[in-house]
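Okay, here's the structure, questions in a sec.
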Amino acid sequence: MGSGFNARFHLQGLQAVRDADVLGVWSPNGKHAEDMAAQARRLDLGPAKAHRSIAEMVADPGIDALWLCGPNQARVENVEEIVDAVTRGKGTLKGVACEKPLARNVAEAQRVTELVKKAGLAHGYLENQLFAPAVAQGRAIVWARGASLTGRPYLARAAEEHSGPHMPWFWRGDLQGGGVLSDMMCHSSLVVRHLLTKPSAPLATVRPVRVTGHIGSLKWSRPAYAKQLQQRMGKEVDYAKRPSEDFASVLIEFTTDDGATVLGEATTSWSFVGAGLRLSAELLGPEYSMSWNSLESPLRLFFSREVKGQSGEDLVEKQNAEMGLMPVISGEAAAYGYEAEDRHFVRVFLGREQPQLTFDDGVEVVKLLMTAYMSAEQGKTVEFPPKGLETFVPAVAKGTWKP
């Protein structure tokens, strides 16, 4: 469900997954759905076709599971239509997987979770960075060797940075639910908690107790850049009057089941200028550390000023340049975790594995994001979970935030 940038990453990831075909695509834009289905067929993922409605896709007897990859503002509506079709007996599904963030705020996240559980559907929360090979292997080795001999890790860091989203709705707080904190801190805040959690132990063994958040508009509300953004995205995106944050940081204090206090630091940015998307993570303990930076690629290309081609993203996601010394991310769908993530949830819905992440985990992520927004608005550290969290809507989403 969906035909945008993220959905196409899942098509790439599914090329490496056995036991799964892509048989249907739905998008509110019929042409986009047709294009997406055609791409799935070109990739030999199966005889995909475009469906006219979500209910029609649920009713297709060949479709066992849905990947929700549509925009945030449509999440509740889309899930309601899925569940309505299932409960009326229009079709059967083995499961539903949902892209990050699960919803725009806690009330919406709880609503979609309640709906899928009421319909008896297995559910998975799609968070690709937890499945990134570097994160998965680094975490496993650190815990097996360093932590087992010298003690648990005590500090994790994660960041996701690029120059800004592809589509206008991401830039609109009223549609997306916020700015970069809502859009990308869902990745980084979960990565730090994941790294600090012992493999095979549930995330609940590392519990957030205090959250300090900060947001700012560093670049895109400057007059020249606000004008440039509006020219690119359309008149509905006006950062001179309705800005969203393009930088966010959060410090999360956790307490663990073994009585330790550990920290997670996360930052996200739409104001990063570099080769392109940069993902990074660190984990530190008493006698060890691990680090990952997605732009530290073993493959690099150099183009002189005389190589003047069209701009694109053939070297790295959110590519910012086409000349000079450029890192190349070979197989982004694998490097960013989409392949492993899609393989895992296919196996979950086939009953072969227990889900590493469910909608319940997605709700917890949204709770942390909303607490970070509350902290940023109040200018102080906030105890987790704070009062009023279930009904809180960030000022950015209301259109009342001023940087």
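Please give the length that would be gained between Ala144 and Thr261 if that part of the chain were fully extended, namely 0.36 nm times their separation in residues minus their C-alpha to C-alpha distance (nm, one decimal).
Working: separation 117, 0.36 × 117 = 42.12 nm, distance 2.04 nm.
Extra length available between Ala144 and Thr261 comes to 40.1 nm.
Now for a separate question. Within straight cross-link reach of Lys100, meaning Cα distance under 16 Å, which lysines are found once same-chain residues fewer than 8 apart are removed?
Lys367
Another question about this same structure. So what J values fall out for region 268-275 if you push phi through Karplus, 6.51 cos²θ - 1.76 cosθ + 1.60 with θ = phi - 60°, rounded to Hz, Gly and Pro as x?
For region 268-275, the Karplus-derived couplings read 9, 8, 9, 10, 7, 10, x, 4 Hz, x marking Gly and Pro.
Separate question: What residues qualify as long-range amide H neighbours of Arg210, i.e. H under 5 Å apart, gap of 5 or more or another chain, H built at 1.01 Å from N?
Glu253, Phe384
Something else now. What accessible area per residue, rounded to a whole number of Å², is obtained for the chain using a probe radius of 1.4 Å?
44
Over 30 Å between Cα atoms: which of Lys49/Lys227; Lys235/Lys398; Lys31/Lys90 fall into that group?
Values: Lys49/Lys227 40 Å; Lys235/Lys398 18 Å; Lys31/Lys90 25 Å.
Pairs exceeding the cut-off: Lys49/Lys227.
When only DSSP loop residues count, what trypsin sites (Lys or Arg not before Pro) in region 1-56 have their Cβ near at most 15 other Cβ atoms within 10 Å?
Sites meeting the loop and neighbour criteria: Arg18, Arg52.
What's the carbon and sulfur percent of region 1-117's accessible surface, probe 1.4 angstrom, rounded to a whole number?
C and S atoms contribute 47 percent here.
Hey, what do the phi angles of region 189-194 turn into as Karplus ³J(HN,Hα) couplings, whole Hz, using 6.51/-1.76/1.60 and θ = phi - 60°, x for Gly and Pro?
Residue by residue, region 189-194 yields 5, 6, 4, 5, 5, 4 Hz.
Next question. From the phi angles alone, apply the Karplus equation (6.51, -1.76, 1.60; θ = phi - 60°) to region 231-243 and give each ³J(HN,Hα) in whole Hz, x where the residue is Gly or Pro.
5, 7, 9, x, 5, 6, 9, 10, 6, 6, 10, 10, x
Using 1/(1 + (r/R0)^6) with R0 = 35 angstrom and r between the beta carbons of Glu353 and Glu34, what's the FRET efficiency to the nearest 0.05? If you can, show how the numbers build up before the last one.
Numbers: r = 33 Å, r/R0 = 0.95.
So the FRET efficiency works out to roughly 0.55.
How big is the accessible area of Met326 in square angstrom, nearest 10, if you roll a 1.4 angstrom probe over the protein chains?
Approximately 10 Å² for this residue.
For the chain, with only Lys/Arg (+1) and Asp/Glu (-1) charged at the beta-carbon, what is the dipole magnitude about the Cα centre, in debye rounded to 20? All intermediate terms of the calculation are to be shown ahead of the outcome.
Numbers: 45 positive and 47 negative charges, 118 e Å.
Around 560 debye, computed over the chain.
What shape does region 216-261 take by its C-alpha gyration tensor, where a ≥ b ≥ c are the square roots of the eigenvalues and a/c under 1.5 counts as rounded, a/b above b/c as prolate, and the rest as oblate?
Details: a/c = 5.49, a/b = 4.00, b/c = 1.37.
Prolate shape, in that a/c is at least 1.5 and a/b is the bigger ratio.
Right, another one. Does region 322-403 classify as rounded, prolate or oblate by the C-alpha gyration tensor (a ≥ b ≥ c root eigenvalues; a/c under 1.5 gives rounded; else a/b over b/c gives prolate, otherwise oblate)? All intermediate terms of the calculation are to be shown ahead of the outcome.
Values: a/c = 3.28, a/b = 1.35, b/c = 2.42.
Judged from the Cα gyration tensor, region 322-403 comes out oblate (a/c at least 1.5, b/c at or above a/b).
For region 161-291, which whole percent of the accessible surface, found with a 1.4 angstrom probe, sits on carbon and sulfur atoms? Could you put the intermediate results ahead of the total?
Values: 2690 of 5190 Å².
Roughly 52 percent of what the probe reaches on region 161-291 is carbon or sulfur.
According to the square roots a ≥ b ≥ c of the eigenvalues of the Cα gyration tensor, what is the shape class of the chain, taking rounded for a/c under 1.5, prolate for a/b larger than b/c otherwise, and oblate for the remainder? Write out the running numbers ahead of the final one.
Details: a/c = 1.20, a/b = 1.09, b/c = 1.11.
The shape class here is rounded.
Calculate the length of the line joining the C-alpha centroid of region 9-44 to that of region 322-377, in whole Å.
Taking the Cα centre of region 322-377 as reference, the centre of region 9-44 is 19 Å away.
The values are calculated or read from the model by the stated rules, or taken from the named source; none is laboratory data. Given the structure is predicted, the values throughout are model-derived calculations rather than measurements. Neighbour counts are summed over all protein chains in view; Cβ atoms, including those assigned to glycine, are modelled from backbone coordinates with ideal geometry. These area figures cover heavy atoms from the full protein model, side chains too; ligands, DNA and RNA do not enter into them. Shrake-Rupley method; radii C 1.70, N 1.55, O 1.52, S 1.80 Å.
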